[in-house]
């Protein structure tokens, strides 16, 4: 029998996974699976995804959904941020404690091919799909869901964030997405998490800003902030800022003798200095 690998095509990749699925009994798992399909049906319908524009692969505790690139990702994101949480909330209000459902979700995009085999279902192949699955399995997404009261946690890949989210299209607020570095199976990836990062998680280290971005306040950070003044001389606790001198935290403006602290005005005199024209000594 000949096995045919199809040509890779570009698809939007939606991945969903049910939290703590394996800890439930068979009856609860069957209930969760049915409800997951129902929530996904409503979400895709809200985004305008017809049956012939999607492919679904059942993963037991989750779903892989490939969506035609003709469907705007903005529409999918709006549905994931509104319709999906609403559907989960309505279900969980009536479900027993053993059948509560919470989801991890990832929206990505990339090239996917099919390696079809007779008598089997599925056969998806693609590097972009593999990376998306790693994002779904990332600790930061798991921890975000565990630490929240919400019924779902959404992350997007960097191409989706850069190409769609960051532009602030209707219903999408870039400031609500936070970048996190994740390590899964020796891969180092980036995930843009909707909502705050989990406690104890920090974003990736920022690259040093250029002199131009510091002065112009690129991306809204440091706007209007003057650059820090460089010390004009050496000495313990002495700093020069234009015409102002700071000694150990004290600012000096004008004539002063014996400065101990606070904000003062005048010239600071250290030791005995003859004042010209007055015949006085300090």
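The values are calculated or read from the model by the stated rules, or taken from the named source; none is laboratory data. Just so it is clear, the model here is predicted, and its values are computed rather than measured. A quick note on method: Cβ atoms are made from the backbone with ideal geometry, for glycine too, and the neighbour counts reach across all protein chains shown.
Structure summary
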{"item": "Residues of the range 38-65 satisfying the condition of being within 18 Å of residue 132 (Cβ to Cβ) and exposed (fewer than 13 other Cβ atoms within 10 Å of the Cβ)", "result": "60"}
{"item": "Qualifying positions in the range 30-40 - farther than 20 Å from residue 153 by Cα and in contact (Cβ under 8 Å) with a residue 12 or more places away in the chain", "result": "31"}
{"item": "The listed residue being over 24 Å from residue 11 (Cβ atoms) and either surrounded by 14 or more Cβ atoms within 10 Å (Cβ to Cβ) or touching a helix residue (DSSP H, G or I) at 6+ places or on another chain (Cβ under 7 Å) (or both), out of 151, 187", "result": "151"}
{"item": "Selection from the range 41-69 of residues that are within 27 Å of the chain's Cα centre (by Cα), part of a helix (DSSP H, G or I) and free of Cβ contacts under 8 Å to residues at least 40 places away in the same chain", "result": "41, 44, 45, 46"}
{"item": "Any hit, the range 70-93, residues being surrounded by 16 or more Cβ atoms within 10 Å (Cβ to Cβ) and either at pLDDT below 95 or assigned to a strand (DSSP E or B) (or both)", "result": "no"}
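Per-residue answers, yes or no, for (1) over 18 Å from residue 14 (Cβ atoms); (2) surrounded by fewer than 17 Cβ atoms within 10 Å (Cβ to Cβ); (3) touching a residue at least 60 places away in the same chain (Cβ under 8 Å); (4) outside the structural domain of residue 188 (by TED's automatic domain parsing):
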{"residue": "101", "(1), (2), (3), (4)": "no, no, yes, no"}
{"residue": "105", "(1), (2), (3), (4)": "no, no, yes, no"}
{"residue": "116", "(1), (2), (3), (4)": "yes, yes, yes, no"}
{"residue": "120", "(1), (2), (3), (4)": "yes, yes, no, no"}
{"residue": "132", "(1), (2), (3), (4)": "no, no, yes, no"}
{"residue": "140", "(1), (2), (3), (4)": "yes, no, yes, no"}
{"residue": "147", "(1), (2), (3), (4)": "yes, yes, no, no"}
